[in-house]
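Working notes for the structure below.
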Amino acid sequence: MGLEQNEVSLEQIAILHNRFKQLSQNEETLRRDDLKTIQDLESNPIRYQIIEAFFDRRNFQKDGVGSVEEIGFEEFLTVMSYFRAPAHHITEEQREEIRRAKLRFLFNMHDTDNDGTITLEEYRHVVEELLSRSGALGRETAKGIADAAMLEVASISVGPMAPDEFYEGITFEHFLKILKGIEIETRMHIRFLNMDTAVFCKQHSV
Amino acid sequence: MRGLSLLLFITVASDATTDLYVTAASLPPELGVSAAPAVTSPVASRYVPEEYGHPGIALARSAEEPAAPSTEDGESSHQHGGGGYRIVQWEWSYVQTPYIIASWLLVASVAKILFHFSQRFTTAVPESCMLILLGLVLGAVVLIASKKQPYQLDPGLFFLFLLPTIVGDAGYFMPARLFFDNLGAILLYAVVGTLWNAFCTGFCLYGVKMAGVIDEKVNAGLMDFLLFGALISAVDPVAVLAVFEEVHVNETLFIIVFGESLVNDAVTVVLYKVYISFVEVGPGNVHTADYFKGIASFLIVSIGGTLVGLIFAVILAFVTRFTKKVRIIEPLFVFLLVYLAYLTAELFSLSAILSMTFCGIGCKKYVEANISQKSRTTVKYTMKTLASIAETIIFIFLGISAVDKSKWAWDTGLVVSTLIFILVFRAMGVVGQTWFLNWFRLVPLDKIDQVVMSYGGLRGAVAFALVVLLDKEQVKAKDYFVATTIVVVFFTVMFQGLTIKPLVKWLKVPRSTNRKPTINEEIHERAFDHILTAVEDIAGLNGYHHWRDKWEQFDKNYLSKLLLRKSVYHKSELWEAYQKINIRDAISVIDQVKVLIYSEDTNTVNTHPEQWAAIYAAARENGSGVCLDLQVIDTVPGAKIEEELETHHVLAGNLYKPRRRYQSHYSRHFMTVGEKERQDREVFQRNMRNRLESFKSTRYKRHKKDRSQKKAIAQNCSKTHLCITFVARKAPETPKERPKSGEI
């Protein structure tokens, strides 16, 4: 779908391969539990969503659906490549494609039941997770915020609605529209340059 | 204007060569003594060879004067001689000093008003230009009137009072996240860029002198030129703020140039001190060890300054933790401690600007959370007012100082070559560093950015103040330098200031959007931080997000516990969420609603049923909706459970409800059970109908409406114990007029 621009270099592939081996304890495939062992992820409020994203077939660029139990290195790399920065000199068209790809990734992350829309429940869940560090109070706020956000999407995408209509959920097109203001290509980006070997050693000894 | 010039004539005619070392110290302590404050302090005292950083010495000197009672300013009431009792007396000497200060402030403020009469004029010409022109005019007026120039931009006044005001304001309201995101670029430009500019300009000027372009009258050696290069090459924060404020370039560009102007203070301080000492010692006696001392000095000055600032930030945050009972003086703490950070750094001759900047950046988060809403507003407005006035005064006095010919000497060669060199070297420096920087940046800085950055390297009052501080004895060519500096500053502020706006438009520089991010964008911005951190952790990288996350953990577990008030600490995460995702906007979008209280946990509702009933009744009467005013949290007394309820009530709201789901687990309770279903539907309809109207109107308009209506209704809060603020809206129907059940 235009992932060519997102490809990682050979050196980075080698590094990621090492990491893969490390996480999977030298096996061929990676499982969810392997990712759950990463200590730094413990305090991350959205760790479950991210881990799920790695096992979600929709992100594998092969038009599959559903989720898998284990992934190979190829899938690992594919998911990682969503976070590659776009090259500097690309056409507007290519930039748009990269944008769509990254936003699709995000969309899949939110749309957990895979029905093509982000419903209120799913969105609420997203916001709840973000505020999950605040305990019970967080959940109430999250509901309010998610509600407001949905309403905003409704106004932006659908425009004026009659009193007895209601908004089903955010489709991918609406999602693209509402996030137009953020520069996704540059925002959603990891620098693969600085790999820290100390991290590898630490994990090895664990 | 005539009234103003009359005022000036009066002050001049009083024959007081009043220094503008205006402090209470120079006021005569005893009432009856007709001591003219500092009347005899000679003009020369302004140019004492003090090291940069100790202008206070001259201040003290002027304070010694009032001890000598002078009767030159006659007409004091204690002048024995005339007979009888005077009904009305001319107490000029008594009120002189504060009168003059107040008059100047008034002149500056009135000037601002006058400028804004012409809209077309103000959009084309930046304020700083006009102020300098005004200064020139005023200076000419005063010169003609009194044949001497009593008013100058005095370095002591500048460094102790005017500059800290502006830098304090800038530091406190600095967008910290943006600053740290671009810290690498800022540091590079500030340190390497300034050094490059300073050395190149200095050496080239010396070369030009050797080549004979500069006249022989300019008696300066290599060291003098290096010193001059050092002080003329620093980008000035005051000028950058004044000009960029009107231009509105995108935030990255702004923060890089502005950050550079703040951080290069450390470099300038060190270079200035080092070269002054070299000049004093004589070029022959400079040893290589001194160069190393210079480098060490740089590290100490910059890191020391930062540390002083951070220490004061911690103290300030800690103090505000306990100010709950003394809300009224909270703003005072903020101002005092930030100012003290500046002065303490000056005391140790560290970089005062860095100190103040980091104090502001460091303390902001905790202070904003700890102090009350009113204090926050007070701090914001007072700082902005003071900074604005200080800026005005600086520019006017720059204009005035230029008119006094006795202080400067003109040399065409020097002036022209300096101008050329600073422009050329700035451009070269920017291009070179940007090429280097783009290897590491996520978003590279393109050619247009570079043009704006080179063009935006403005010099301003700091350079002028520094050059005026030079000692005539040590630096023989001082007058020439003063003239050159004046020309450079005028050129950058006026010419570059005037032309930068058209340039930015012509180059189609991406402008700042200035639009509040939508709720969805804010949610996703927040989500990105976590997503990127997670991916970095999975990939085993210790990248930028990883460290940011680690810092936030540290902050949450240790710093916030120490510096935030207990009640705020528990809500701090919510506070951030609230602040960023402005729920008030969300509520005003769907608006509407009578009181609808949500609780998953029925216990909380049952605990205070009478109170809820009272609230509901009150709300119904006023036809009001729920207002999410975080101030409510402040006004809640005592018990934790009340606070929880408060927050809970405050942060919830009937925002949206998909009809299909309203039987779900998350169904909401109303106070009056049984009418639930009908009320749901009714509310839903009303929501949808009114949504569009309120959503279409601008947010600011709504805010204004909020505030005025809020005030009107604020009295109603006395009905309830919890003192919730309601906002009255023109609701189409009150709950009393319920639609028939058949209506949908």
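The values are calculated or read from the model by the stated rules, or taken from the named source; none is laboratory data. No experiment lies behind these values; they were computed from the predicted model shown. Using ideal geometry, Cβ is built from the backbone for each residue, glycine included, and neighbour counts are taken over all protein chains shown.
Do we have B:Val326 as at negative phi and either among the acidic types (Asp, Glu) or buried (at least 17 other Cβ atoms within 10 Å of the Cβ) (or both) here? For B:Val326, the condition - at negative phi and either among the acidic types (Asp, Glu) or buried (at least 17 other Cβ atoms within 10 Å of the Cβ) (or both) - is not met. In summary, A:Phe76 fulfils each of the numbered conditions (1) more than 13 Å from chain B (Cβ to nearest Cβ); (2) in a helix (DSSP H, G or I) with the single exception of condition (1).
Residue-wise test of (1) touching a strand residue (DSSP E or B) at 6+ places or on another chain (Cβ under 9 Å); (2) under 17 Å from B:Thr484 (Cα atoms); (3) aliphatic (A, V, I, L, M); (4) at pLDDT 90 or above.
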position	(1), (2), (3), (4)
B:Lys217	no, yes, no, no
B:Ala220	no, yes, yes, no
B:Leu226	no, yes, yes, no
B:Ala242	no, no, yes, no
B:Thr252	no, no, no, no
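Cβ-Cβ distances below 9 Å connect the following pairs, each with a first residue in region A:85-100 that is more than 18 Å from A:Gly181 (Cβ to Cβ) and among the β-branched types (Val, Ile, Thr), a second residue that is surrounded by 14 or more Cβ atoms within 10 Å (Cβ to Cβ) and modelled with pLDDT of 80 or more, and a separation of six or more residues or different chains: A:Ile90/A:Ile98.
Within region A:68-80, the set of residues being free of Cβ contacts under 8 Å to residues at least 40 places away in the same chain and buried (at least 17 other Cβ atoms within 10 Å of the Cβ) comprises A:Glu75, A:Val79. The listed residues are B:Ile448, B:Ile393, B:Ile422, and the only one of them that is buried (at least 24 other Cβ atoms within 10 Å of the Cβ) and either touching a residue at least 40 places away in the same chain (Cβ under 8 Å) or touching a strand residue (DSSP E or B) at 6+ places or on another chain (Cβ under 9 Å) (or both) turns out to be B:Ile393. Total residues in region B:148-200 satisfying the condition of being of a type in the set (D, E, K, R) and either in contact (Cβ under 8 Å) with a residue 12 or more places away in the chain or surrounded by 22 or more Cβ atoms within 10 Å (Cβ to Cβ) (or both): the figure is 3. The set of residues from region B:425-445 being outside any helix (DSSP H, G or I) and either buried (at least 18 other Cβ atoms within 10 Å of the Cβ) or among the hydroxyl-bearing types (Ser, Thr, Tyr) (or both) comprises just one member, B:Leu445. Filtered by the rule that a residue be under 16 Å from B:Ile531 (Cβ atoms) and assigned to a helix (DSSP H, G or I), region A:103-121 gives A:Leu103, A:Arg104, A:Phe105, A:Leu106, A:Phe107, A:Asn108, A:Met109, A:His110. Can you say whether B:Arg565 is at pLDDT 65 or above, more than 8 Å from chain A (Cβ to nearest Cβ) and in contact with a helix residue (DSSP H, G or I) (Cβ under 6 Å, 6 or more places away or on another chain), as far as the supplied structure shows? Yes.
Filtering B:Thr492, B:Thr434, B:Thr485 for residues that are within 24 Å of B:Ile132 (Cα to Cα) and at pLDDT 90 or above leaves a single hit, B:Thr485.
Restricting attention to region B:257-278, does a residue exist that is in contact with a Cys (Cβ under 9 Å, 6 or more places away or on another chain), surrounded by 24 or more Cβ atoms within 10 Å (Cβ to Cβ) and part of a helix (DSSP H, G or I)? Looking through region B:257-278, none of the residues is in contact with a Cys (Cβ under 9 Å, 6 or more places away or on another chain), surrounded by 24 or more Cβ atoms within 10 Å (Cβ to Cβ) and part of a helix (DSSP H, G or I).
Name the single residue that is nearest to the other protein chains (Cβ to nearest Cβ) among those in region B:502-521 being at pLDDT 75 or above and part of a loop (DSSP other than H, G, I, E, B). Looking at the filtered set, the residue picked out is B:Pro510. Sort through A:Glu165, A:Glu183 and tell me the only one that's among the acidic types (Asp, Glu) and either surrounded by 15 or more Cβ atoms within 10 Å (Cβ to Cβ) or at pLDDT 70 or above (or both). On inspection, the qualifying residue turns out to be A:Glu183.
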